[in-house]
Structure formats: C-alpha cells, structure tokens
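Notes follow once the structure below has been shown.
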Amino acid sequence: MPDWIDAILLARAQFAFTMAFHIIFPAFSIGLASYLAVLEGLWLWTGRDVFLHLFRYWLKIFAIAFGMGVVSGIVMSYQFGTNWSVYADKAGPVIGPLMAYEVLTAFFLEAGFLGVMLFGMGRVGKGLHFTATLLVAVGTFVSAFWILAVNSWMQTPQGHGINEAGQFVPVDWWAIIFNPSFPYRLVHMVIAAYLTTALVVGGAGAFHALRGTARQGSRVMFSMAMWMAALVAPVQVLVGDEHGLNTLEHQPAKVMAMEGHFQSHPDGAPLILFGLPDQQAGRVDYAFEIPKASSLILNHSLNAPLAGLDTIKREDWPYVPIVFWSFRIMVGLGFLMVGLGLTSLVLRWRGQLHDAGWFHGWALAMGPAGFVAVLAGWVTTEVGRQPFTVYGLLRTAESVSPLASPAVATSLIAFVIVYFIVFAAGMFYLLSLMARPPHPGEEGPREETPFRAAGITPGPAAHGRRPVAQE
C-alpha cells in the first residue's frame, strides 16, 4: 500500500464511513417518533381519521428506519475494541458507564414498548397504546442524551482524573455528563432531528402534490411539516449561534478552522464566505469576505480582536479545508430551511400553500437536506476536534489499535460492500413506502398538476380501490 495510507488514516476512514451511515437513522427516528406521538395524540383528541391514517403510514417507515439504526449502531461499539482499543482502554472508565446507561435506560425503554406501538393497535386500549408511543419517543430522546453526553465529554472533558495507568477515571459524574458543551450540543442535535423529519415528511407531501396523488392525508402532513420548518428553523439558527460562541470559548482552534482564520485579526476579523483554504501555506486563497463581520458575529463588536491559528502550534491544527467547507454546507442548508419555512407562511397566508407547484418542487428538493446538514455538522464537529480524540488530552495517533494497514483496509472494503448492498436495499424500500399515498382515494377527483398538464401519467394511485368517505 502507498506509504501515506497508514493504519490511523484507514481506521479513521472506517469509523467515519460507518458513522455516516448510522447517524442519519437516529436523526430521522428521533424526530419521527415524536411526530408519531403527535399524530396519535391528535387522533385521540379530535377523532379525525386522517391522523390515524398518517400514523399508520409513518409507523411502517419508522419501524424500518429504527431497525436500520440499531443494526448500524452495533457496528460502532465493536470498532472501539478493534480499531481504537487504546482509546477504549484509556477513556473506558468514563465512556463505558455512559454508554451502558444509554442501553439500560433508552434502549430498554424503546425495546420494551416498541412492540406495543407497532402491533398493539386494536389489541390494547387506546390509552395504553398512546402511552407506549410516547415512551418510545421519550426513549429516542434519552438515547440522544447519553450518546451526546459521551461525545460532548470528548469535546470538552471535565470531571475526571487520571490514574497511574494513564486512564481517565470519573471524579464527578455530574460534571462529566453536564460538561460545558453538552447542553448546546443536545439542543442543537434534537432540533436538527426534528427538522430532518419535517423535511422528509414535507418532501413526501410535496411529491404526492406534484404527482397528482395528493389527498387530505398528504395535505395535512405537508402543512404540519411546513409549520415545523417555519417555527423551528429560525430557532435552530439562534441555537447554532449560541453553540458557536460556546465552541469559541472551549475549542477556539475549531472555530478558527470554521472561519478560515489562519492569521489573527487585532482590529476586527472578516467573515470569509467562500475561498480555498491552503493548509500548508496557512492562508485562504481567492477569499470572498465581508470586513469585520466575523468579529461582529462572534464578539458582537466590529473591532473586536480575534485570534487565528497562528497562535496555536501547527501540530494541533485541525484540517482546515474539510472543517471550513462542511461548516458552510451546514449553515447554507440551515438558511435554506429558514427560507422554506418563511415562504410557506407567506403562501399559507395567501391560501396558496397546496397550489404552488414551484414551492412543492422546492420542498421535494429539500427532502434530504436535513440528512446532509446533520452529516456536515458532524464532520465539522469531529474533524474540528482533531488531532485529538479527547480534546487537548488524548491524541488520535495515540488512540488507535496496533493494527497493520492491510488488516484495516480489508475490513473497510468489506464494510463498504456490505453497507452499500444492505442499506441501499433498505433505503429503496423506505422510498417506495413514501411513494405510496398515505390514504389513497380519500378525496374525489385529482386536481390538475404540473405533471398532468404536461401529459405525464402519474404512477399508481387510487384506481380500482374502494373510496373512503371524506371527513
């Protein structure tokens, strides 16, 4: 193998690959579990069958996504012992109990009530079934709580000591769990999960509107998704800003990489919108910037000084090009989500929310945007923490198992092949479920759509099925 491909690089690539596949499923299932609880609650409260139809529609999708998330998550635990055994040994006394708490609380809660939620409708009372749905939703949140506690401690470690064997040992569990970055990261991630789900639900509703299969169920779920985007996306921008200020305080090198600040700016730092970071030369080529805007955003003053990477030892720099661009992808998609939500409010006010074909096309295109933003945010967070696994205390180069490059390369290739076969089949099935109308034949004749006007025949819908009375 080439000399530059070493075991550390391959181990990082393998973890990044498997984690990228895994993270999209919890991001979806966290939001979708809460959406299912809302749908069932609205059905019980209003008695409208449309909410029951939507609940059953998205329940099938949740079951598949949840199962894929569990399967892909199991692989992550094994990698701590195979590729990152030194890290597991040194950080195990802290992260081990936290991950065990996730299993003992969240996973048992989800597993205990998931069966009731999936198969209990009509077999148990409505109150018990709704309780099971609520507890599954709570379980997904608790799972995010513990996993983010682990990862946040790696970002901003505190509450630990170091024993004679060089291991991190817990001293104050409260300080370990509620470390400085944890509250910001938890809120930011949970909101991201809700937005991810809202965009998928909205994209499915938009798909049926463009296809000519939109009925009451499709319209209701599209309307609910746009309400979520309109109300939550602006909040996410504010939460992200607070999270950035917290990161500046505790992980300044990460923010310097995000902003592309190789040099310090004593009289106000520019906001570099775009450019080509040159890690070796320590500069951003072809930079398009707004003077002093970065100081205004980060320190709320145009002339506030901001330190650059020139104040940090070069061996402690993260890889700036990846952090710089992943951050911009995340932020750019975030503002597109805000724009989508605010536009939906205008169209709703005009009574055109369900009639604007161009807006449905936009919503459909934004369907996967939440997943991309989550992945970009994760890349920003994790690459920005480099070259450390435990920030400032344990370097990545000191955390890897003593493995030869060919062994890690072989397992990486095997993961790539298996994942693309298995998860591609799973994603295809999920998309096929979303392509089916939530409740075919719910309303009368289909409305005219851009597809029909163009003479394009929509796919199978309600032909030949028994009509269901309108509510």
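Among the listed pairs Lys90/Lys254; Lys60/Lys254; Lys90/Lys292, a Cα-Cα separation exceeding 31 Å is found for Lys60/Lys254; Lys90/Lys292.
A Förster radius of 60 Å, combined with the Cβ-Cβ distance separating Val70 from Leu302, puts the computed FRET efficiency at roughly 0.75.
Remark: Lys126, Lys313, Lys60 ranked as Lys313, Lys126, Lys60, counting other beta-carbon atoms within 10 Å and listing the fewest first.
In this structure, the amide hydrogen of Arg395, modeled 1.01 Å from its nitrogen in the peptide plane, lies closer than 5 angstrom to those of Thr389, counting only residues at least 5 positions away or on a different chain. Each Lys and Arg Cβ is given +1 and each Asp and Glu Cβ -1; about its Cα centre, the chain then shows a dipole of about 1580 debye. Remark: the Phe428-Phe17 segment gains 146.0 nm on full extension, using 0.36 nm per residue and subtracting the alpha carbon distance. Residue by residue, the range 28-34 carries 3J(HN,Hα) couplings of 7, 6, 4, x, 5, 4, 5 Hz when phi is fed to the Karplus relation 6.51 cos²θ - 1.76 cosθ + 1.60 (θ = phi - 60°); x denotes Gly or Pro.
Full extension of the segment from Trp358 to Ala414, taken as 0.36 nm per residue of separation minus the current Cα-Cα distance, would add 15.9 nm. Each peptide in 392-399, 316-323 was scored by the mean count of other Cβ atoms within 10 Å over its residues; highest first, the order is 316-323, 392-399. Against the chain, whose longest principal axis is taken from its Cα atoms, helix 85-101 shows a tilt of about 40°. Here's the picture: charge each Lys and Arg Cβ at +1 and each Asp and Glu Cβ at -1 in the chain, and of Gly370, Ala356, Ala88 the one pushed furthest to the positive end of that dipole is Ala356. Extension gain, Ala407-Lys60: 0.36 nm per intervening residue step, less the Cα-Cα distance, totals 121.0 nm. Phi-derived couplings, Karplus 6.51 cos²θ - 1.76 cosθ + 1.60 at θ = phi - 60°, listed residue by residue for the range 406-416: x, 5, 5, 5, 5, 5, 5, 4, 5, 4, 4 Hz, with x used for Gly and Pro. Spacing of the modelled spin labels on Ala281 and Ala293, each 7 Å from Cα toward Cβ, amounts to 2.3 nm.
Amide H to amide H distances under 5 Å link Val284 with Asp278, where only residues 5 or more positions off or on other chains count and H is placed in the peptide plane. Please compute the modelled spin-label separation between Trp174 and Val235, points set 7 Å along Cα→Cβ, answer in nm with one decimal. That separation, rounded to one decimal, is 2.8 nm.
Readers should treat all values here as calculations from the given coordinates under stated rules, not as data from a laboratory. Just so it is clear, the model here is predicted, and its values are computed rather than measured. Ideal geometry is used to build each Cβ from the backbone, glycine not excepted, and the neighbour counts take in all protein chains shown.
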